[in-house]
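A short write-up of the structure that comes next.
The values are calculated or read from the model by the stated rules, or taken from the named source; none is laboratory data. It should be emphasised that the depicted structure is a prediction, and the values quoted were computed from it without experimental measurement. No Cβ is skipped: glycine too gets one built from the backbone with ideal geometry, and neighbour counts run over all protein chains shown. Surface accessibility is based on the protein's heavy atoms, side chains included, excluding ligands, DNA and RNA. Shrake-Rupley method; radii C 1.70, N 1.55, O 1.52, S 1.80 Å.
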Amino acid sequence: MTPPAATGPLIDGFGRVHTDLRISITDRCNFRCTYCMPTEGMQWLPRPELLTYEEIERIARVAVTELGITSIRITGGEPTVRSHLPVLVAKLARLGVDVALTTNGATLASQAADLAAAGLHRVNISLDTLQPDRFAAITRRDDLERVLAGVDAAVAAGLQPVKLNAVIVRGVNDDEIEALAAYGREVGAEVRFIEFMPLDGDGTWDVEAVVPAAEIVARLDAAFGLAPAEARGHEPAARRHYADGRGAVGVIASVTDAFCDRCDRIRLTAEGRLRSCLFALDEVDLRRVVRDDAADAASTDAAIAAAIRGAVADKWAGHHIAQPVFVRPSRSMSQIGG
Ligand code: SF4
(Lines give C-alpha, C1' and ligand atoms only; values in the text may rest on other atoms or scores of the structure.)
Protein backbone atom coordinates (compact mmCIF):
# COMPACT_ATOMS: atom_id res chain seq x y z
CA MET A 1 0.00 0.00 0.00
CA THR A 2 1.29 3.45 -0.98
CA PRO A 3 1.42 5.59 2.18
CA PRO A 4 -0.99 8.47 1.47
CA ALA A 5 0.26 12.07 1.76
CA ALA A 6 -1.10 13.57 4.97
CA THR A 7 -1.80 16.98 3.40
CA GLY A 8 -2.05 18.67 0.00
CA PRO A 9 -3.95 17.63 -3.11
CA LEU A 10 -5.47 14.17 -3.52
CA ILE A 11 -2.79 12.38 -5.56
CA ASP A 12 -2.66 8.65 -6.32
CA GLY A 13 0.33 6.39 -6.93
CA PHE A 14 0.35 7.36 -10.62
CA GLY A 15 0.51 11.07 -9.96
CA ARG A 16 -3.13 11.71 -10.90
CA VAL A 17 -4.69 14.61 -8.99
CA HIS A 18 -8.31 14.02 -8.00
CA THR A 19 -10.59 17.05 -7.97
CA ASP A 20 -13.99 15.60 -8.99
CA LEU A 21 -16.29 13.88 -6.48
CA ARG A 22 -19.36 12.03 -7.73
CA ILE A 23 -22.01 11.49 -5.08
CA SER A 24 -24.79 8.96 -5.53
CA ILE A 25 -27.67 9.96 -3.28
CA THR A 26 -29.98 6.99 -3.96
CA ASP A 27 -29.94 3.58 -5.65
CA ARG A 28 -33.61 3.95 -6.58
CA CYS A 29 -34.84 4.94 -10.01
CA ASN A 30 -38.13 5.57 -11.77
CA PHE A 31 -36.79 4.00 -14.99
CA ARG A 32 -35.66 0.43 -15.75
CA CYS A 33 -33.12 0.94 -18.51
CA THR A 34 -32.17 -2.39 -20.08
CA TYR A 35 -28.42 -1.61 -20.03
CA CYS A 36 -28.57 -0.72 -16.34
CA MET A 37 -31.28 -2.44 -14.37
CA PRO A 38 -33.39 -5.62 -14.48
CA THR A 39 -37.13 -5.23 -15.17
CA GLU A 40 -38.07 -5.86 -11.55
CA GLY A 41 -35.59 -3.29 -10.31
CA MET A 42 -33.01 -3.99 -7.63
CA GLN A 43 -33.15 -4.76 -3.91
CA TRP A 44 -33.33 -1.12 -2.74
CA LEU A 45 -31.25 0.07 0.19
CA PRO A 46 -33.30 0.55 3.36
CA ARG A 47 -33.65 4.29 4.09
CA PRO A 48 -31.54 4.27 7.30
CA GLU A 49 -28.61 2.90 5.28
CA LEU A 50 -28.59 5.93 3.00
CA LEU A 51 -26.35 8.82 3.96
CA THR A 52 -28.41 11.76 5.16
CA TYR A 53 -28.00 15.13 3.43
CA GLU A 54 -26.10 16.32 6.52
CA GLU A 55 -23.69 13.38 6.29
CA ILE A 56 -23.20 13.96 2.56
CA GLU A 57 -22.54 17.64 3.23
CA ARG A 58 -19.98 16.75 5.90
CA ILE A 59 -18.02 14.39 3.66
CA ALA A 60 -18.20 16.92 0.82
CA ARG A 61 -17.03 19.73 3.10
CA VAL A 62 -13.97 17.72 4.18
CA ALA A 63 -13.28 16.75 0.55
CA VAL A 64 -13.45 20.38 -0.57
CA THR A 65 -11.66 22.08 2.34
CA GLU A 66 -9.05 19.40 3.07
CA LEU A 67 -8.55 17.44 -0.13
CA GLY A 68 -8.84 19.90 -3.02
CA ILE A 69 -12.09 18.67 -4.55
CA THR A 70 -13.38 21.46 -6.85
CA SER A 71 -16.37 19.86 -8.57
CA ILE A 72 -19.21 17.69 -7.30
CA ARG A 73 -21.64 15.71 -9.42
CA ILE A 74 -24.90 14.42 -7.89
CA THR A 75 -25.96 11.05 -9.31
CA GLY A 76 -28.09 8.03 -8.39
CA GLY A 77 -29.94 5.68 -9.30
CA GLU A 78 -32.06 8.66 -10.23
CA PRO A 79 -31.26 11.57 -7.86
CA THR A 80 -34.49 13.47 -8.53
CA VAL A 81 -36.53 10.69 -6.91
CA ARG A 82 -35.02 11.63 -3.52
CA SER A 83 -37.07 14.36 -1.90
CA HIS A 84 -35.84 17.88 -1.12
CA LEU A 85 -32.99 17.65 -3.66
CA PRO A 86 -32.68 21.49 -3.86
CA VAL A 87 -31.79 21.43 -0.14
CA LEU A 88 -28.77 19.24 -0.85
CA VAL A 89 -27.80 21.26 -3.92
CA ALA A 90 -27.81 24.43 -1.80
CA LYS A 91 -25.65 22.77 0.90
CA LEU A 92 -23.08 21.70 -1.70
CA ALA A 93 -23.16 24.99 -3.62
CA ARG A 94 -22.36 26.82 -0.37
CA LEU A 95 -19.03 24.95 -0.37
CA GLY A 96 -18.09 27.12 -3.37
CA VAL A 97 -17.64 24.24 -5.82
CA ASP A 98 -19.09 23.56 -9.26
CA VAL A 99 -22.23 21.47 -8.73
CA ALA A 100 -23.57 19.25 -11.52
CA LEU A 101 -26.36 16.68 -11.77
CA THR A 102 -26.86 13.52 -13.83
CA THR A 103 -30.53 12.66 -14.32
CA ASN A 104 -32.90 10.78 -16.59
CA GLY A 105 -34.82 14.06 -16.94
CA ALA A 106 -38.29 12.61 -16.33
CA THR A 107 -39.14 15.11 -13.56
CA LEU A 108 -36.80 17.92 -14.60
CA ALA A 109 -39.57 20.02 -16.16
CA SER A 110 -40.94 20.66 -12.66
CA GLN A 111 -37.58 20.77 -10.83
CA ALA A 112 -35.08 22.57 -13.11
CA ALA A 113 -35.87 26.11 -11.97
CA ASP A 114 -35.68 25.25 -8.25
CA LEU A 115 -32.45 23.32 -8.72
CA ALA A 116 -30.88 26.21 -10.62
CA ALA A 117 -32.05 28.65 -7.94
CA ALA A 118 -30.50 26.39 -5.27
CA GLY A 119 -27.12 26.63 -6.99
CA LEU A 120 -26.99 23.87 -9.58
CA HIS A 121 -24.70 24.90 -12.46
CA ARG A 122 -24.97 22.19 -15.08
CA VAL A 123 -26.85 19.01 -15.91
CA ASN A 124 -26.43 15.81 -17.88
CA ILE A 125 -29.69 14.24 -19.06
CA SER A 126 -29.81 10.63 -20.28
CA LEU A 127 -31.38 10.39 -23.75
CA ASP A 128 -30.70 7.29 -25.82
CA THR A 129 -33.43 7.66 -28.46
CA LEU A 130 -35.96 10.09 -29.94
CA GLN A 131 -38.40 7.32 -30.88
CA PRO A 132 -41.25 6.86 -28.36
CA ASP A 133 -41.54 3.09 -28.89
CA ARG A 134 -37.83 2.53 -28.65
CA PHE A 135 -37.68 4.80 -25.59
CA ALA A 136 -40.29 2.58 -23.93
CA ALA A 137 -38.34 -0.52 -24.96
CA ILE A 138 -35.01 0.78 -23.56
CA THR A 139 -36.30 2.42 -20.35
CA ARG A 140 -39.37 0.28 -19.82
CA ARG A 141 -41.24 3.58 -19.32
CA ASP A 142 -43.36 5.62 -21.76
CA ASP A 143 -41.79 8.98 -20.78
CA LEU A 144 -39.99 10.39 -23.83
CA GLU A 145 -42.15 13.53 -23.92
CA ARG A 146 -41.46 14.23 -20.23
CA VAL A 147 -37.71 13.90 -20.79
CA LEU A 148 -37.78 16.24 -23.82
CA ALA A 149 -39.77 18.73 -21.72
CA GLY A 150 -37.06 18.32 -19.07
CA VAL A 151 -34.38 19.24 -21.61
CA ASP A 152 -36.27 22.40 -22.54
CA ALA A 153 -36.75 23.28 -18.86
CA ALA A 154 -33.04 22.82 -18.14
CA VAL A 155 -32.11 25.14 -21.02
CA ALA A 156 -34.77 27.65 -19.94
CA ALA A 157 -33.52 27.57 -16.32
CA GLY A 158 -30.09 28.68 -17.54
CA LEU A 159 -28.26 25.50 -16.59
CA GLN A 160 -25.08 25.58 -18.65
CA PRO A 161 -24.00 23.42 -20.26
CA VAL A 162 -26.92 21.07 -20.73
CA LYS A 163 -25.49 17.77 -21.92
CA LEU A 164 -27.35 14.74 -23.27
CA ASN A 165 -25.83 11.35 -22.39
CA ALA A 166 -26.59 8.74 -25.06
CA VAL A 167 -25.41 5.18 -24.45
CA ILE A 168 -25.06 3.64 -27.93
CA VAL A 169 -25.70 -0.10 -28.20
CA ARG A 170 -25.20 -1.95 -31.47
CA GLY A 171 -28.52 -3.09 -32.94
CA VAL A 172 -30.52 -1.07 -30.38
CA ASN A 173 -30.06 2.66 -31.11
CA ASP A 174 -26.90 3.00 -33.22
CA ASP A 175 -29.07 4.07 -36.18
CA GLU A 176 -29.97 7.27 -34.29
CA ILE A 177 -26.49 8.76 -33.83
CA GLU A 178 -27.09 11.49 -36.42
CA ALA A 179 -30.66 12.18 -35.25
CA LEU A 180 -29.55 12.59 -31.61
CA ALA A 181 -26.73 14.90 -32.66
CA ALA A 182 -29.15 16.96 -34.78
CA TYR A 183 -31.54 17.24 -31.83
CA GLY A 184 -28.73 18.49 -29.60
CA ARG A 185 -27.77 21.12 -32.17
CA GLU A 186 -31.41 22.20 -32.41
CA VAL A 187 -32.04 22.68 -28.66
CA GLY A 188 -28.55 23.94 -27.79
CA ALA A 189 -27.50 20.89 -25.78
CA GLU A 190 -24.22 19.01 -26.14
CA VAL A 191 -24.66 15.31 -26.87
CA ARG A 192 -22.14 12.91 -25.34
CA PHE A 193 -22.15 9.52 -26.99
CA ILE A 194 -21.09 6.84 -24.51
CA GLU A 195 -19.69 3.42 -25.37
CA PHE A 196 -21.70 0.63 -23.73
CA MET A 197 -19.87 -0.48 -20.55
CA PRO A 198 -20.04 -3.77 -18.62
CA LEU A 199 -22.06 -2.35 -15.71
CA ASP A 200 -25.50 -3.58 -16.75
CA GLY A 201 -27.77 -4.99 -14.05
CA ASP A 202 -28.30 -8.42 -15.62
CA GLY A 203 -24.67 -8.94 -16.67
CA THR A 204 -25.30 -9.56 -20.38
CA TRP A 205 -22.80 -6.99 -21.67
CA ASP A 206 -20.91 -8.11 -24.77
CA VAL A 207 -18.09 -6.32 -26.55
CA GLU A 208 -19.91 -7.00 -29.85
CA ALA A 209 -22.62 -4.61 -28.70
CA VAL A 210 -20.11 -1.76 -28.32
CA VAL A 211 -20.12 0.86 -31.10
CA PRO A 212 -16.53 2.17 -31.09
CA ALA A 213 -15.98 5.91 -30.63
CA ALA A 214 -14.04 6.06 -33.92
CA GLU A 215 -17.12 4.85 -35.80
CA ILE A 216 -19.36 7.39 -34.04
CA VAL A 217 -16.95 10.25 -34.80
CA ALA A 218 -16.67 9.20 -38.46
CA ARG A 219 -20.44 9.23 -38.85
CA LEU A 220 -20.80 12.62 -37.15
CA ASP A 221 -18.04 14.07 -39.32
CA ALA A 222 -19.69 12.72 -42.46
CA ALA A 223 -23.10 14.09 -41.45
CA PHE A 224 -22.17 17.48 -39.95
CA GLY A 225 -18.44 18.18 -40.43
CA LEU A 226 -16.32 18.29 -37.26
CA ALA A 227 -13.48 20.67 -36.42
CA PRO A 228 -10.16 19.11 -35.37
CA ALA A 229 -10.09 17.45 -31.95
CA GLU A 230 -9.30 19.59 -28.91
CA ALA A 231 -6.51 18.82 -26.47
CA ARG A 232 -7.78 16.29 -23.93
CA GLY A 233 -8.17 17.48 -20.35
CA HIS A 234 -9.53 15.30 -17.53
CA GLU A 235 -12.97 15.22 -19.07
CA PRO A 236 -14.10 11.65 -19.93
CA ALA A 237 -15.48 12.90 -23.26
CA ALA A 238 -13.32 13.64 -26.30
CA ARG A 239 -14.97 16.86 -27.51
CA ARG A 240 -15.25 18.02 -31.09
CA HIS A 241 -16.78 21.27 -32.24
CA TYR A 242 -19.02 21.24 -35.31
CA ALA A 243 -17.28 22.86 -38.27
CA ASP A 244 -20.23 25.23 -38.74
CA GLY A 245 -19.84 26.54 -35.18
CA ARG A 246 -23.20 25.24 -33.95
CA GLY A 247 -21.97 23.75 -30.71
CA ALA A 248 -19.94 20.67 -29.88
CA VAL A 249 -20.31 16.95 -29.34
CA GLY A 250 -18.50 14.54 -27.04
CA VAL A 251 -17.68 10.85 -27.26
CA ILE A 252 -16.78 8.75 -24.21
CA ALA A 253 -14.63 5.84 -25.35
CA SER A 254 -14.44 3.91 -22.05
CA VAL A 255 -13.98 0.57 -23.85
CA THR A 256 -11.99 1.30 -27.01
CA ASP A 257 -9.86 4.26 -25.91
CA ALA A 258 -9.71 4.32 -22.11
CA PHE A 259 -8.78 7.63 -20.46
CA CYS A 260 -7.80 6.25 -17.07
CA ASP A 261 -4.35 7.89 -17.27
CA ARG A 262 -6.09 11.26 -16.91
CA CYS A 263 -8.69 10.21 -14.35
CA ASP A 264 -9.49 12.80 -11.65
CA ARG A 265 -12.65 11.19 -10.25
CA ILE A 266 -13.70 9.43 -7.09
CA ARG A 267 -17.18 8.26 -6.16
CA LEU A 268 -19.32 8.03 -3.06
CA THR A 269 -22.17 5.52 -3.10
CA ALA A 270 -25.59 6.21 -1.58
CA GLU A 271 -24.76 4.16 1.52
CA GLY A 272 -21.43 5.91 2.01
CA ARG A 273 -18.84 3.69 0.30
CA LEU A 274 -15.91 5.52 -1.25
CA ARG A 275 -14.88 4.06 -4.62
CA SER A 276 -11.60 5.18 -6.19
CA CYS A 277 -12.75 3.93 -9.61
CA LEU A 278 -16.05 3.24 -11.38
CA PHE A 279 -14.89 -0.39 -11.78
CA ALA A 280 -13.22 -0.69 -8.37
CA LEU A 281 -13.42 -4.09 -6.67
CA ASP A 282 -12.90 -2.66 -3.20
CA GLU A 283 -14.41 0.23 -1.26
CA VAL A 284 -13.91 2.22 1.93
CA ASP A 285 -16.82 2.56 4.35
CA LEU A 286 -17.11 6.28 5.12
CA ARG A 287 -20.55 5.93 6.71
CA ARG A 288 -19.01 3.96 9.59
CA VAL A 289 -16.51 6.82 10.08
CA VAL A 290 -19.20 9.52 9.93
CA ARG A 291 -21.53 7.65 12.31
CA ASP A 292 -18.78 6.85 14.85
CA ASP A 293 -20.34 8.58 17.88
CA ALA A 294 -17.24 7.97 20.00
CA ALA A 295 -15.17 10.44 17.97
CA ASP A 296 -15.43 14.22 18.35
CA ALA A 297 -16.07 16.42 15.31
CA ALA A 298 -12.44 17.26 14.55
CA SER A 299 -11.21 13.68 14.70
CA THR A 300 -14.16 12.50 12.62
CA ASP A 301 -13.27 15.02 9.91
CA ALA A 302 -9.64 13.94 10.12
CA ALA A 303 -10.70 10.29 9.83
CA ILE A 304 -12.84 11.07 6.77
CA ALA A 305 -9.92 12.83 5.09
CA ALA A 306 -7.49 10.03 5.95
CA ALA A 307 -9.87 7.35 4.66
CA ILE A 308 -10.31 9.16 1.33
CA ARG A 309 -6.57 9.76 0.99
CA GLY A 310 -5.91 6.10 1.68
CA ALA A 311 -8.38 4.94 -0.97
CA VAL A 312 -6.90 7.26 -3.58
CA ALA A 313 -3.30 6.42 -2.71
CA ASP A 314 -4.18 2.81 -3.46
CA LYS A 315 -6.05 3.49 -6.69
CA TRP A 316 -5.20 1.17 -9.55
CA ALA A 317 -4.06 2.34 -12.99
CA GLY A 318 -7.49 1.76 -14.53
CA HIS A 319 -10.11 -0.70 -15.69
CA HIS A 320 -9.27 -3.73 -17.83
CA ILE A 321 -12.49 -3.94 -19.81
CA ALA A 322 -12.42 -6.58 -22.56
CA GLN A 323 -9.10 -7.93 -21.24
CA PRO A 324 -8.74 -11.46 -19.82
CA VAL A 325 -7.99 -10.01 -16.36
CA PHE A 326 -11.16 -7.88 -16.27
CA VAL A 327 -13.42 -8.57 -13.28
CA ARG A 328 -16.88 -7.03 -13.24
CA PRO A 329 -17.58 -5.08 -10.07
CA SER A 330 -20.35 -6.59 -7.93
CA ARG A 331 -22.36 -3.39 -8.31
CA SER A 332 -24.33 -2.26 -11.37
CA MET A 333 -24.25 1.33 -12.63
CA SER A 334 -27.43 2.21 -10.67
CA GLN A 335 -25.66 1.20 -7.43
CA ILE A 336 -22.58 3.33 -8.20
CA GLY A 337 -23.79 6.39 -10.08
CA GLY A 338 -22.41 7.82 -13.38
S1 SF4 B 1 -12.43 3.42 -15.22
FE2 SF4 B 1 -11.75 4.11 -13.20
S3 SF4 B 1 -9.68 4.87 -13.48
FE4 SF4 B 1 -10.61 4.70 -15.49
S5 SF4 B 1 -11.44 6.73 -15.91
FE6 SF4 B 1 -13.10 5.53 -15.01
S7 SF4 B 1 -12.99 5.91 -12.83
FE8 SF4 B 1 -11.06 6.59 -13.72
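Numbers below:
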item: Of all residues making up the range 227-254, the number that are aliphatic (A, V, I, L, M) and near the ligand (Cβ under 10 Å from one of its atoms); result: 1
item: Subset of the range 1-52 [free of Cβ contacts under 8 Å to residues at least 40 places away in the same chain and open to solvent by less than 20 Å² (accessible area, probe 1.4 Å)]; result: G41
item: Residues (β-branched (V, I, T) and within 13 Å of the ligand (Cβ to nearest atom)) located in the range 298-326; result: V312, I321
item: Unique residue being touching a Pro at 6+ places or on another chain (Cβ under 7 Å) and acidic (D, E) when the list is D202, D174; result: D202
item: Residues satisfying the stated conditions in the range 175-190, i.e. open to solvent by 20 Å² or more (accessible area, probe 1.4 Å), in a helix (DSSP H, G or I) and without any contact (Cβ under 8 Å) to a residue 60 or more places away in the chain; result: D175, E178, A179, A182, Y183, E186, V187
